[in-house]
């Protein structure tokens, strides 16, 4: 695999992660448990959409076929999406949404930190911009995970259940493939597995403070990075892409 | 009502302002969350560089009924306003 092909795939992964998670989080708009959380979730979704525009914009540029970020977001089918399975998981209750956010934020903070030192200046620049947003997302989601985990009996029970439900989907973040190898060799992106230890420590500290118990080693649910998705992605895309599919080129 | 989060008053220092100004109030379970919520609710359009959160219950306020005795007496003391000085033009706006 050539370096450009690998970089294109890698940028799709980054952009699709933020795109699909943004869509999931935006589904809370108007439904948040309290006004303050509703606004905060909408802010997070907007941050992620902004990052998506940058990652997919660069992906289109690297691909060189004239596809824009919008083309990539709205005109690809599920098997062409490269996001982690974790981010397409259903929202569930507020606790599940925040647990998913937390597991992702911790990984994203580490990934962006590494990418800030990327040998590709364009990747490094986007990573630097996104890293400030990611740092805030992580502060917020860890705070919520701790507050609800170490909260009432009911909130603790729900957070533990959310953690167990999502845990098998966290492993995919650290499973590398040819794309990761090529880019690690080229000094453009870190080896996927190299983030694992730090992530486990970071997540472990927060979960301990949240009085939640880390699930044991589980089967790793993976496939999203190479386009093999769960049934949930199709529904996300149906909602997200409907307008552009039904009215091609519509704008306002 | 014991399940309600307490109310917090949020003060923000704008980019160009000198002091924190009251911008509104919100609910939060603790001080850290109040500041985060303040950030999310009141600084979305680049309004601030610093946030203070004060639990509303800790703000002591004068009673509206005291308006007469408190404020009316100063109405007739116009000499307390520094309006009797000639300000040199070079000073500009004060």
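Of the residues contained in region A:110-120, one or more are found to be more than 17 Å from residue A:15 (Cα to Cα) and free of Cβ contacts under 8 Å to residues at least 24 places away in the same chain.
Scanning region A:19-34 for residues that are assigned to a helix (DSSP H, G or I) and either at pLDDT below 95 or more than 14 Å from chain B (Cβ to nearest Cβ) (or both) yields A:19, A:20, A:21, A:22, A:23, A:24, A:26.
Checked against the criterion of being without any contact (Cβ under 8 Å) to a residue 12 or more places away in the chain, surrounded by fewer than 12 Cβ atoms within 10 Å (Cβ to Cβ), in contact with a helix residue (DSSP H, G or I) (Cβ under 9 Å, 6 or more places away or on another chain) and at negative phi, the candidates A:250, A:246 yield just one match: A:250. Take residue A:66 and tell me if it is within 25 Å of residue A:168 (Cβ to Cβ) and not in a helix (DSSP H, G or I). Answer is no for this residue.
Looking at B:30, B:89, B:40, just one residue is more than 30 Å from residue A:141 (Cβ to Cβ) and modelled with pLDDT of 85 or more, and that residue is B:89.
Restricting A:152, A:144 to those that are within 14 Å of chain B (Cβ to nearest Cβ) and surrounded by 16 or more Cβ atoms within 10 Å (Cβ to Cβ) reduces the list to A:144. Within the set A:48, A:11, the sole residue that is more than 18 Å from residue A:183 (Cβ to Cβ) and crowded, with 24+ Cβ neighbours inside 10 Å turns out to be A:48.
The values are calculated or read from the model by the stated rules, or taken from the named source; none is laboratory data. This is a predicted model, so every value here is computed, not measured. Glycine also receives a Cβ, built like all others from the backbone with ideal geometry; neighbour counts cover every protein chain displayed.
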